[in-house]
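Structure first, commentary second.
Taken together, the values in this text are just the output of simple stated rules run on the coordinates, not laboratory data. Predicted, not measured: the structure shown is a model, and the values here were computed from it. All Cβ positions, even for glycine, are placed from backbone atoms using ideal geometry, and neighbour counts span all protein chains on display.
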Amino acid sequence: MARYTGPVEKLERRLGVSLELKGERRLAGKSALDRRPYAPGQHGQRRTKVSEYGQQLKEKQKIKYYYGVLEKQFRKFFKEANRQEGSTGENLIRLLERRLDNVVYRMGLATTRRFARQLVTHGHILVNGKKVTIPSFLVKEGDRVEVKEKSKNNPQIKRAIELSAQTGIAPWVDVDKEKFVGVFTRMPEREEVNIPVEERLVVELYSK
């Protein structure tokens, strides 16, 4: 399955929640979901009854699009979460939050995860002083994540840092905005990760 490259705001309207796929448009209240809070298409405003399986599938789609992962990647993360002790759903969220592209986004160095993924793949991001170009790289506690020196004048990165005053920075990362660097200080608690997903339904889906 290839990565989705179509109109991202249609996804939000179809799923009925903000997936943080747009940066400044979302902050300005100009996203398509804000203007038309119903599904796209001719019959988008009709109320339809969703089956239990349909709801479980919808929650899985939310997580995949929210973090920008493909089906094969998602299954890999789920299997790892299921092997770990504790709640499989919470473990899954923590693993996805540790992805390097997500950490760059949480640090406020990118306005969207899609842009954060581009920064990583194009070699703009260092982890503990070494260039890492794999968006799915899992950051560990104590890892130092920073923008390489030559990329600090990137206007999009600078704009993202400016906007981070509105979006906020995750409490599990310690960021020095002036130096374009941050440290992943600890694993996030589930209640700290504010995403519109019921991961319990995803666990039920894969448990069948």
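Taking every lysine pair in region 99-184 that is 8 or more places apart or spans two chains, those with Cα atoms closer than 21 Å amount to 26. In sequence order, region 188-204 has phi-based couplings of x, 7, 4, 5, 7, 8, 8, 10, x, 9, 9, 5, 4, 5, 5, 4, 4 Hz under the Karplus curve 6.51 cos²θ - 1.76 cosθ + 1.60, θ = phi - 60°, and Gly or Pro positions carry x. Partners of K49 within straight-line reach, counting lysines whose Cα lies under 26 Å from its Cα and excluding those fewer than 8 residues away in the same chain: K10, K58, K60, K62, K64, K208.
In percent, rounded to a whole number, the relative contact order of region 67-176 is 25, using alpha-carbon pairs under 8 Å and six or more apart. Please list, by residue number, everything in region 177-208 whose backbone N is under 11 Å from a paramagnetic label point 7 Å out along Cα→Cβ of Q84. In region 177-208, the label zone of Q84 (backbone N under 11 Å from the point 7 Å along Cα→Cβ) covers 187-190. Cβ under 14 Å from E52's Cβ, E52 left aside: what net charge do those residues give with Lys, Arg +1 and Asp, Glu -1? Local net charge: +2.
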